[in-house]
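Quick note: the coordinates plus some simple rules give every number you see, no bench work behind them. Since the structure is predicted, the reported quantities are computational estimates derived from the model, not experimental observations. Heads up, the Cβs are rebuilt from the backbone with ideal geometry, glycines too, and the neighbour counts pull from every protein chain shown.
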Amino acid sequence: MAGLLRPILFVKKTRKLPSAVLMTIFLCLDLGSSALAEEGMKQSKGSDDWLPSLITETPQEGFALAVTLSQKGVGTTQPDTSVRKALRGAYAHDPDSLIAASQVIALHFQTVAAANGYWKED
């Protein structure tokens, strides 16, 4: 059993997961094209109450909210727009970064979907 765990631990040690995740979160800034995501970002600039609820009308609006949550996380982590733009070249063509960005959004979407009862009508 210990022999099987060693390769897994080796992969985790050599993989640059924290920096890849951080860079892919930055990718989320370029993913939000929906009106809801844009509106959420506008509200976040002028108000501390930018997220009044996780409740959305449809799964598509829920996905847009998940993108907004990802964008807000990036903006909070690195508020300097010029730094975020400068970093884009490092991850823009990295497939692992794109996958990690999708995973961050998927995690947020999972949260939003659960908050909305998965949009099931009883």
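Between Ile55 and Asp96, residue separation times 0.36 nm minus the direct Cα-Cα distance comes to 11.7 nm. Between Lys120 and Asp48, the C-beta separation translates, for a Förster distance of 35 Å, into a calculated FRET efficiency of about 0.60.
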